[in-house]
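The values are calculated or read from the model by the stated rules, or taken from the named source; none is laboratory data. Because the structure is a prediction, the values reported are computed rather than measured. Note that each Cβ is placed from the backbone with ideal geometry, even for glycine, and that neighbours are counted across all protein chains shown. These accessible areas exclude ligands, DNA and RNA; they are computed on the full protein's heavy atoms, side chains included. Shrake-Rupley method; radii C 1.70, N 1.55, O 1.52, S 1.80 Å.
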Amino acid sequence: QAQLVESGGGLVQPGGSLRLSCAASGSIFSINAMGWYRQAPGKARELVATSVTNGGITNYADSVKGRFTISRDIAKNMAFLQMDSLKPEDTAVYYCNAWLKESVGGKPRSYWGQGTQVTVSS
């Protein structure tokens, strides 16, 4: 089984910045894409940003465009989310996601990290 672990969350003032990290480990043959999602209490999980390995295609939610940047370290199976100009409405649990194959003959599967809390408040 592959495993994703997020880190870097915390409390930050409006206008501040945080950088989240996600490390994928375990049985990994290839990673098709990695991304970040978030979920606030009582709300549905929503896409924040995704990065497709082949082609370098990135996608961002309209609410974070121009403020958040997803990046990857392909060799280390890691993804990052640089969050600038944070707003109170960015407060949520942020989850790392990876679409990967555990072996050459395996089917692509979606894996999730445990989540890291981001709180934006003055």
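Table for the structure above
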| item | result |
| --- | --- |
| Greater than 26 Å apart at Cα, pairs in Lys65/Lys101; Lys43/Lys107; Lys43/Lys101; Lys43/Lys87 | Lys65/Lys101; Lys43/Lys107; Lys43/Lys101 |
| DSSP loop trypsin sites (Lys or Arg not before Pro) with at most 16 other Cβ within 10 Å: longest gap in the chain | 68-122 |
| Solvent exposure of the chain as accessible area per residue, Å², 1.4 Å probe | 52 Å² |
| Three-way shape call for the chain based on the alpha-carbon gyration tensor, with the a/c threshold at 1.5 | prolate |
| Chymotrypsin sites (Phe, Trp or Tyr not before Pro) restricted to the range 1-64 and DSSP loop, no more than 14 other C-beta within 10 Å | Phe29 |
